[in-house]
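A short write-up of the structure that comes next.
The values are calculated or read from the model by the stated rules, or taken from the named source; none is laboratory data. If you're wondering where the values come from, they're calculated on a predicted model, not measured in any experiment. Note: ideal-geometry Cβ built from the backbone for every residue, glycine included; neighbour counts use all protein chains shown.
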Amino acid sequence: MLIEQLINGITLGSIYAIVALGFTLVFGVLGIINMAHGEIFMFGAFIGVIVTTSLQLPLWLGFLAAILITAIMGYMLERFALRPLRSKQGVSHLAPLISTIGVSILLENLSHHLFGAGNHPFRASFAEINFQIGSITIYLVQIVIFVISVILMMGLSFWLGKTKAGKALRATAENLETASLLGVDTKRMITMTVIIASAMGGIAGILVGMAFNSVTPQMGLSMGLKGLAIIILGGMGNVKGAMAGGLILGLAETFIVVYGDSGYRDAIAFLAIIVILLIRPQGLFGQKIST
Amino acid sequence: MLAELINPYHFQVASFILINIILGISVYITLSTGQLSLANAGFMGIGAYTSALLTIHFDLPIVLGIIAGALVAALLGILIGIPTLRLQGVYLAIVTLGFGEVIRVVFINWESLTKGSVGISGIPHIGREILRVLKGFGFDPKVIGLQNNQFIFLSIFLLLFIITIGVIWFFRRQHRSRVGRAFAAIKLDEKAAESMGINITYYKVLAFAQGALLSGFAGALYAHVLAYISPADFAYHRAVEILIFVVFGGSEVIWGPIFGAFFLTLMPEVLRFISEYRYMIYGLIIIILMAVRPQGLIDVNLLNWVKTKGKKRGQKHGTGNTKSM
C-alpha cells in the first residue's frame, strides 16, 4: 500500500516537475512568469487525445504532433505577447505577467469552443497492462511516464550544462546585455527558450492525459497554478529546484488523498508556498539574493 | 410615468456595474503602490460568505453583516499582506492567486458551513429589506406609482450609487493626501521612496488591506443584491475579470477602473452575441492593450487633454463650468 502510493506520488511528481521546468526556464531567462504555460500544456493534452483517440494513430505520433503544435504556440506567445513588451521603454514589470494572463484566458476559452467543455477520455493502448511484484501493482503507464520524465530532465540538464546552446542560454539568463555583448544572439535564445518550455508543457500534457485518463479545458489552470507553486517552492529559475519541488508536491498530494482529506488536495500547493515564503523566501534550493 | 421608465432588468445591470466599479477600484488601489493583487476575488468571496452566513444564522441586520464581511476580508488581507509584501511584485501576484484558490477550495470543502459547491441561497435581500423597513413607517411604493418589484430594484440602485460615489470620493481625496503621495512614490521607485523616509511596508500593507476591505465590501453587497452565492462566483475567472476592468480602463487614474468596469459590464449585455465569446475577447483585449497601451485607455495625459479642451471650450462659449472632473 505504502509503496504503491509512493509510486503514484512519484509518477504525479515527475509530471509536475516537467510542467514546473517549463515555468522555470522562462523565468530564468526572461524573468517573466508565463501564466499561459498551463493552457499550452492543456493544448498538448488535447492534441494527444485527438491524435490517439479520434484519429486512432499511434502514441508516438501523438507526442510528435503535441510537441510540434505547442512549440508553434510557444513561438506565437513570444512573438505576439512578449516581444512587443520587451522593445518598449518604461513598461511596468507586471505588463508581461498580465499579457500572458490574457493569452491564458484566450487559450482556455478557445479550447472550450474547439473541443467542448466536457471530459475527454485518453486511451493509451497499454493503459491496462500492469505488473505484480509481490503485493504491489505497477502500471506500465506509470513506468512510461517516469522514464519519459527522467529522460527529459536529464536531457535538459545535459543540454543546459554541456552544449554550446545551453551555455548561451545560461549566459542569457545570467545577464542579457552582457551575453549580447559577448556575441550571444539573445533574441534567438529567448525565442528558443519559450519554444522549448512550451514543447515540454505539451509533452507533460500528454503524460497527464495518460496518467489520469481524462483531459478537460480546465486542467490547464489548475496545473499552471501548481507549476507556479512548485517554482516558488524550489526557488525561482532553479532547474534542480523545479524537479525536486515537483516530486515533493506530487508525493504530498498523493499522501494527503490517502491519509487526509482529499478535498483539500488542490490547496496544499498554495499553503506550502505561503509557508515557504514566510520561512525561506528564496525557495528550498534558491540562492539568497539581496535586493 | 415613473413606473414606465423603470425596468428591473436595467436596474439589475446598473447595480452590477456599480459593484464592479467598486471591485475595479479595489484592484486599482493595490496597483497604485505597484503591487498586483489577484486575490480580490477571494476577498470578495470572504466578504460575501461572512455577511451571508451572519445574516442568515444570527439574524444580524444586513448593514452590520456587510461591515463585518468587509472587516474580515481586510483582516485576512493584512495577514496575507505582511509576509508577502516584503517580496517582489511577482511573488505577490502568485501568492495572491494561490490564496484565491485556497479560499475557493475551502468554500467547496467546508460543507457544513458553506454548503459546498451548491452555494448559499436565501440570503436576505437588501431591496426587500429596505421596502420592509419603509413599509413599517407606513410607506407604500404605490404612492409614487411603482410596483413593489420596481421599487426594490430602484432602491438597490440608488443605495449602490450613493455608496459608489462615496467610495470614489474617498479614494480621490486619499490620492491627493499624504497617503496617496506615498503610494505614488512607492510605485515610481521603492528604494527612493524608502530613502525619503516612507515606511514602504506599512504603506504597501495599507494599500493591500484597503483593496481587500473594498473587495470584501463589494462581495457582501453582491451577496445581498443577488441573494445567492456559490464558490464559482469567486474563482480565478472573477479575479481576472476584475483585473481586466483596471487593465482596460487604465491603472494610473481612478477613472480608469470606473470606465473599464462600466464599459466591460455593459458590453456583453448590450451585444448579446458577444457574450459567448466574452472571455476570448477579454484575452485579446489584454494582449493587445499590453502591447499597444500598457497604461490602459484612460491615463493622465488623456485626462489633461480633456481638461484643457474643456477649458478652451468653456472660454469660447462662456459656460463657466471649467472643472470637468
(request) Hey, could you check segment B:72-116 for residues that are under 16 Å from B:D233 (Cα atoms) and modelled with pLDDT under 80 and say which is farthest from the other protein chains (Cβ to nearest Cβ)? (result) B:T114
(message) Going through A:G74, A:G38, A:G102 one at a time, which residue ends up being under 20 Å from A:F212 (Cα atoms) and either crowded, with 17+ Cβ neighbours inside 10 Å or in contact with a strand residue (DSSP E or B) (Cβ under 8 Å, 6 or more places away or on another chain) (or both)?
(response) A:G38
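Mind telling me which of the residues B:G47, B:G42, B:G34 ends up being within 14 Å of chain A (Cβ to nearest Cβ), assigned to a helix (DSSP H, G or I) and in contact (Cβ under 8 Å) with a residue 60 or more places away in the chain? If you could, list the steps in order and put the result at the bottom.
Details: B:G47 fails: within 14 Å of chain A (Cβ to nearest Cβ); B:G34 fails: assigned to a helix (DSSP H, G or I).
From the options B:G47, B:G42, B:G34, the qualifying one is B:G42.
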(message) I'm trying to understand the selection: among the residues of segment A:58-70, which are aliphatic (A, V, I, L, M) and closer than 15 Å to A:L107 by Cβ?
(response) A:A66, A:I69
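Only one of A:I256, A:I231, A:I274 is within 13 Å of the chain's Cα centre (by Cα) and β-branched (V, I, T); which?
Testing whether each residue is within 13 Å of the chain's Cα centre (by Cα) and β-branched (V, I, T) leaves just A:I231.
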(request) From the list A:L249, A:L228, pick out the single residue that is away from chain B (no Cβ under 12 Å) and surrounded by 24 or more Cβ atoms within 10 Å (Cβ to Cβ). (result) A:L249
(message) Given (1) assigned to a helix (DSSP H, G or I); (2) in contact with a Phe, Trp or Tyr (Cβ under 8 Å, 6 or more places away or on another chain); (3) touching a residue at least 60 places away in the same chain (Cβ under 8 Å), identify the lone condition not met by B:I244.
(response) (3)
(message) Within segment B:58-168, considering only helices (runs of 4 or more DSSP H) that don't extend past its boundaries, which have at least 1 residues that are within 19 Å of the chain's Cα centre (by Cα) and not basic (K, R)?
(response) B:62-84, B:89-109, B:126-136
(request) Quick one: which residue in A:F115, A:F63 is touching a strand residue (DSSP E or B) at 6+ places or on another chain (Cβ under 9 Å) and under 22 Å from A:V215 (Cα atoms)? (result) A:F115
(message) Of all residues being surrounded by 18 or more Cβ atoms within 10 Å (Cβ to Cβ) and without any contact (Cβ under 8 Å) to a residue 24 or more places away in the chain in segment B:181-197, which is farthest from B:V27 (Cα to Cα)? Just the residue, please.
(response) B:A193
(request) Using the structure shown, decide if B:Q174 is more than 30 Å from B:N109 (Cβ to Cβ) and either away from chain A (no Cβ under 14 Å) or in a helix (DSSP H, G or I) (or both). (result) yes
(message) Which condition from (1) within 19 Å of B:E101 (Cα to Cα); (2) among the hydroxyl-bearing types (S, T, Y); (3) at pLDDT below 80 is the one that A:T216 breaks?
(response) (3)
(request) Can you tell me which residue among B:G98, B:G136 is surrounded by fewer than 20 Cβ atoms within 10 Å (Cβ to Cβ) and small (G, A, S)? (result) B:G136
(message) Residue under question is B:A207, and the condition is that it be modelled with pLDDT under 90 and either more than 25 Å from B:R132 (Cβ to Cβ) or surrounded by fewer than 15 Cβ atoms within 10 Å (Cβ to Cβ) (or both); does it hold?
(response) no
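Quick one: which helices (runs of 4 or more DSSP H) sit completely within segment A:47-128 and have at least 1 residues that are within 17 Å of the chain's Cα centre (by Cα), hydrophobic (A, V, I, L, M, F, W, C) and within 14 Å of chain B (Cβ to nearest Cβ)?
Details: elements: A:59-76, A:83-86, A:95-115.
It comes to A:59-76, A:95-115.
Here is a yes/no grid of residues against (1) more than 29 Å from A:A242 (Cβ to Cβ); (2) hydrophobic (A, V, I, L, M, F, W, C); (3) in contact with a Gly (Cβ under 8 Å, 6 or more places away or on another chain):
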residue: A:N130; (1), (2), (3): yes, no, no
residue: A:I148; (1), (2), (3): no, yes, no
residue: A:L152; (1), (2), (3): no, yes, no
residue: A:K162; (1), (2), (3): no, no, no
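The rows are residues; the columns are (1) at pLDDT below 90; (2) in contact with a helix residue (DSSP H, G or I) (Cβ under 7 Å, 6 or more places away or on another chain).
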site	(1), (2)
B:G219	no, yes
B:L226	yes, no
B:F234	yes, yes
B:I244	yes, yes
B:V247	yes, yes
B:G250	yes, yes
B:I254	yes, yes
B:F259	no, yes
(message) Given the criteria closer than 25 Å to A:L64 by Cα, loosely packed, with under 14 Cβ neighbours inside 10 Å and of a type in the set (A, V, I, L, M), does A:V147 qualify?
(response) yes
(request) For segment B:263-305, enumerate the residues that are in a loop (DSSP other than H, G, I, E, B), within 14 Å of chain A (Cβ to nearest Cβ) and in contact with an Asp or Glu (Cβ under 9 Å, 6 or more places away or on another chain). (result) B:R293, B:Q295, B:G296, B:D299
(request) Would you mention how many residues in segment A:150-168 are surrounded by 12 or more Cβ atoms within 10 Å (Cβ to Cβ) and farther than 21 Å from A:Q5 by Cβ? (result) 10
(request) Inspect segment B:177-192 for any residue being within 30 Å of B:G119 (Cβ to Cβ) and modelled with pLDDT of 90 or more and give the result as yes or no. (result) no
(request) Please verify whether segment A:194-210 includes one or more residues that are out of contact with any helix residue (DSSP H, G or I) (no Cβ under 6 Å at 6 or more places or on another chain) and more than 10 Å from chain B (Cβ to nearest Cβ). (result) yes
